[in-house]
Every structure is written in C-alpha cells, then in structure tokens.
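A quick write-up on the structure given underneath.
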Amino acid sequence: MTIDWEKALSTVDGQQDLLLDLIDIFFTECAEILPRIANAIENGDAGELQLFAHRFKGCLAYFGESTAGELAWQLESLGHAGTIEGASELLTELRIAIDDFLPSVRAYRQEHRQD
C-alpha cells in the first residue's frame with residue numbers, strides 16, 4: 001500500500017514530530033486492538049467488535065484512506081448492526097491489509113525519527 005505522507009502530515013498541520021508520535025501510538029494500538037477484535041468475534045460480542053474496530057479505524061485515519069481503514073469500518077458496521085456474521089473473514093482480510101501497510105509505516109518512521 002502506498003501512503004500519501006504529505007496528506008498524513010497535513011492531518012497534523014505539518015508537525016513531523018507529532019506524526020512520528022502518532023506512528024508510535026499506532027504500533028502500540030495495533031498490537032492491542034487486533035487481538036481484542038479477534039476476541040470479540042470469538043466471543044460473539046458485537047458491542048466489543050464495534051468499539052475496537054472503531055478505535056482501530058481512528059488509528060488508521062491519520063494515514064489517509066486505506067484498505068485497512070475500509071475493513072475496520074466494515075467490522076465496526078457489523079458490530080453496530082449487532083452481528084458478527086462475516087467478521088472472521090473481514091478480520092483475516094484486515095490482517096493481510098495491515099501486513100501490507102506496516103512496512104511503509106516502519107520505513108517512514110525509521111527514515112524520519114532522529115532519536
């Protein structure tokens with residue numbers, strides 16, 4: 001996936017340090033939220049699915065439109081509708097999309113982080 005880094009920077013008013021901080025937060029959130037989405041699906045908890053998919057969608061929003069963001073929205077919508085029907089398949093697609101997404105984010109962080 002190609003990330004429009006200029007657009008990402010514009011979401012934080014051009015503040016490179018803030019974008020890098022958000023990237024760090026994203027990695028932390030990603031490690032926490034994906035398992036919680038999976039648990040919600042496994043437990044049949046549509047409310048938890050909606051909550052964590054919404055949270056993940058928000059984390060992704062700083063990087064612009066993406067397949068991962070769209071999939072998170074679809075999972076959130078399922079949860080909002082009170083169902084988990086099809087959520088396992090969407091989660092599989094989301095994990096694939098994130099695997100595609102993460103290398104670009106890591107490379108950007110490595111290239112721009114000064115510490």
Task: Ellipticity estimate at 222 nm from DSSP helix runs (n ≥ 4, -39,500 (n - 2.57)) divided over the chain, nearest 500 - done: -26500 deg cm²/dmol
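Taking the Kirkwood radius as the inverse of the mean 1/r across Cα pairs, report the Rg/Rh of the chain. Kindly include the intermediate steps, with their values, before the conclusion.
Values: Rg = 14.5 Å, Rh = 14.4 Å.
Ratio value, two decimals: 1.01.
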Task: the chain: relative contact order in percent, alpha carbon pairs under 8 Å with at least 6 residues between - done: 29 percent
Task: Surface share of carbon and sulfur [accessible, 1.4 angstrom probe, percent] for the chain - done: 48 percent
Task: 1.4 Å probe accessible area per residue over the stretch 1-78, in Å² - done: 51 Å²
Task: Equivalent ellipsoid dimensions for the stretch 61-101 as semi-axes, Å, which come from the Cα gyration tensor, largest first - done: 19, 12, 5
Task: HN-Hα J in Hz across the stretch 40-55 - Karplus 6.51, -1.76, 1.60, θ = phi - 60°, x for Gly and Pro - done: 4, 5, 4, 8, x, 9, 5, x, 5, 4, 4, 4, 6, 5, 5, 4
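The values are calculated or read from the model by the stated rules, or taken from the named source; none is laboratory data. Please read all numbers here as calculations on a predicted model, not as lab measurements. Ligands, DNA and RNA are excluded from the accessible area calculation, which covers all protein heavy atoms including side chains. Shrake-Rupley method; radii C 1.70, N 1.55, O 1.52, S 1.80 Å.
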